[in-house]
Amino acid sequence: MDYQQLLRDSMETARRAPRRGRPADYIPALAEADPESFGMALATVEGEVFGAGDWEQPFSIQSVSKLFTLALALAEGGDDLWHRVGREPSGNPFNSLVQLETEQGIPRNPFINAGALVVTDRLLELTGDAAGAVREFLRAESGNAAISTDDSVAASEARHGHRNAALAHFIASYGNLRNPVDSVLAHYYAHCAIAASCRDLALVGRFLARHGLRADGSRLLTRSVAKRINAVLLTCGTYDAAGDFAFRVGLPGKSGVGGGVLAVLPGRGAVCVWSPGLDAAGNSVLGVAALDALTTATGWSVF
């Protein structure tokens, strides 16, 4: 199969869609993104990488980072995390507070903001440097030592992060944060503000396609844990539009409001697409359309 042409064709199909969406504007640093940017990369389990468009341009990975914090927290600390965060779709926007009070400070899943704060807190407790652990993991798996946090984006998120601060304090009021709120928020913003390219993220995502094996062949996760992360990605990874993403794309995936979407092809590889224009749920319009075209053309789906 000509992977390069497959990516080009998927992107061309997506470009025919009537909508483009708009960049996230509640984080000023992200609002500056060029809505015409569009890139796509596919990395096979063997390590081959193919790309099209702006596939090597770094962008703010935002909530895609939540996948890596979850994997590292489970690798370092085991299943105890699941006593502090659930595994069910929220049915509400990613930054919603409404369920926390009725569910006594236990976020619905690890990919909404409330859940990601708890996972960040756990990883900080385990490693002493949650954001640093994520950065080093991305560098190692992608082979790109230049991956780092964009400090201007992190600072912009912190200045306008009132909702996240409210979530963190509310969770802490139920005793579900172990570290100071300010420390948890700082590490959360720092890992969300990591800049990486489609190439980088496709290479990193292979650990789930390889059932928990890292790029060097060492085991990060058991096959069972990798399976479970893929399951939560499928049901919760694209905010309150996870059902539509499963319907259209049929793959485990994690999106971010920077416009990136990382999808896992179990046993085959990982694909990352980036376009900053978002829909109302916070998912890349062209990105989801391109993944839809890819799985429609190839039959690569978990269904």
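Of all residues in segment 169-196, those satisfying the criterion of being of a type in the set (A, V, I, L, M) and either out of contact with any Gly (no Cβ under 6 Å at 6 or more places or on another chain) or free of Cβ contacts under 8 Å to residues at least 12 places away in the same chain (or both) are ALA172, LEU177, VAL181, VAL184, LEU185, ALA186, ALA190, ALA193, ILE194, ALA195, ALA196.
Is it the case that some residue within segment 46-53 is surrounded by 14 or more Cβ atoms within 10 Å (Cβ to Cβ) and in a loop (DSSP other than H, G, I, E, B)? Checked against the condition, which is being surrounded by 14 or more Cβ atoms within 10 Å (Cβ to Cβ) and in a loop (DSSP other than H, G, I, E, B), segment 46-53 yields no hits at all. If you go through segment 222-234 and keep only what is over 16 Å from the mean Cα position of the chain (by Cα) and in contact (Cβ under 8 Å) with a residue 24 or more places away in the chain, you end up with just VAL225.
Kindly indicate which of LEU100, LEU7 is outside any strand (DSSP E or B), touching a strand residue (DSSP E or B) at 6+ places or on another chain (Cβ under 8 Å) and under 28 Å from THR235 (Cβ atoms).
So the residue among LEU100, LEU7 that is outside any strand (DSSP E or B), touching a strand residue (DSSP E or B) at 6+ places or on another chain (Cβ under 8 Å) and under 28 Å from THR235 (Cβ atoms) is LEU7.
Restricting attention to segment 168-212, the residues that are of a type outside the set (A, V, I, L, M, F, W, C), assigned to a helix (DSSP H, G or I) and buried (at least 18 other Cβ atoms within 10 Å of the Cβ) total 7. Applying the set (1) more than 20 Å from SER173 (Cβ to Cβ); (2) at pLDDT below 95; (3) assigned to a helix (DSSP H, G or I); (4) hydrophobic (A, V, I, L, M, F, W, C) to PHE94 leaves exactly one unmet item: (3).
Restricting attention to segment 8-26, does a residue exist that is under 30 Å from GLU125 (Cβ atoms) and either surrounded by fewer than 17 Cβ atoms within 10 Å (Cβ to Cβ) or out of contact with any Cys (no Cβ under 7 Å at 6 or more places or on another chain) (or both)? Yes, that holds for at least one residue. Checking each residue in segment 268-299 for being of a type outside the set (Gly, Ala, Ser), over 14 Å from the mean Cα position of the chain (by Cα) and part of a strand (DSSP E or B) picks out only LEU278. Scanning segment 235-263 for residues that are assigned to a helix (DSSP H, G or I) and under 12 Å from the mean Cα position of the chain (by Cα) yields CYS236, TYR239.
Go through ARG159, ARG135, ARG163 for me and flag whichever is basic (Lys, Arg), farther than 25 Å from ASP240 by Cβ and either in contact with a Phe, Trp or Tyr (Cβ under 6 Å, 6 or more places away or on another chain) or surrounded by fewer than 19 Cβ atoms within 10 Å (Cβ to Cβ) (or both).
Step by step, each of ARG159, ARG135, ARG163 is checked, and only ARG159 is basic (Lys, Arg), farther than 25 Å from ASP240 by Cβ and either in contact with a Phe, Trp or Tyr (Cβ under 6 Å, 6 or more places away or on another chain) or surrounded by fewer than 19 Cβ atoms within 10 Å (Cβ to Cβ) (or both).
Which one of SER37, SER90, SER60, SER65 is touching a residue at least 40 places away in the same chain (Cβ under 8 Å), over 21 Å from LEU234 (Cβ atoms) and within 17 Å of the chain's Cα centre (by Cα)?
On the way: SER37 fails: within 17 Å of the chain's Cα centre (by Cα); SER90 fails: over 21 Å from LEU234 (Cβ atoms); SER65 fails: over 21 Å from LEU234 (Cβ atoms).
Sole residue among the options that is touching a residue at least 40 places away in the same chain (Cβ under 8 Å), over 21 Å from LEU234 (Cβ atoms) and within 17 Å of the chain's Cα centre (by Cα): SER60.
Among the residues of segment 221-228, are any closer than 20 Å to ALA75 by Cα, of a type in the set (A, V, I, L, M) and surrounded by 21 or more Cβ atoms within 10 Å (Cβ to Cβ)?
Step one: list which residues in segment 221-228 are closer than 20 Å to ALA75 by Cα, which gives 221-228.
Now restrict to residues that are of a type in the set (A, V, I, L, M): 221, 225-226.
Still in the list and also surrounded by 21 or more Cβ atoms within 10 Å (Cβ to Cβ): 221, 226.
Yes, some residue in segment 221-228 is closer than 20 Å to ALA75 by Cα, of a type in the set (A, V, I, L, M) and surrounded by 21 or more Cβ atoms within 10 Å (Cβ to Cβ).
Within segment 138-151, the residues that satisfy the criterion of being under 28 Å from ASP25 (Cα atoms) and touching a helix residue (DSSP H, G or I) at 6+ places or on another chain (Cβ under 6 Å) are LEU138, ILE147, THR149. Scanning segment 34-45 for residues that are of a type in the set (Ser, Thr, Tyr) and assigned to a loop (DSSP other than H, G, I, E, B) yields a single hit, SER37. Quick check on segment 197-213. Is at least one of its residues over 24 Å from ASP79 (Cβ atoms), in contact (Cβ under 8 Å) with a residue 12 or more places away in the chain and of a type in the set (Lys, Arg)? Within segment 197-213, one or more residues are over 24 Å from ASP79 (Cβ atoms), in contact (Cβ under 8 Å) with a residue 12 or more places away in the chain and of a type in the set (Lys, Arg).
Scanning segment 137-194 for residues that are of a type in the set (A, V, I, L, M, F, W, C) and touching a strand residue (DSSP E or B) at 6+ places or on another chain (Cβ under 7 Å), we see that the one that is modelled with the lowest pLDDT is VAL153. Residue count for segment 24-45, restricted to those that are modelled with pLDDT of 95 or more and of a type outside the set (A, V, I, L, M): 4.
The values are calculated or read from the model by the stated rules, or taken from the named source; none is laboratory data. Everything numeric here is computed off the predicted structure, so don't read it as measured data. As a convention, Cβ positions derive from the backbone with ideal geometry for all residues, glycine included, and neighbour counts pool all protein chains shown.
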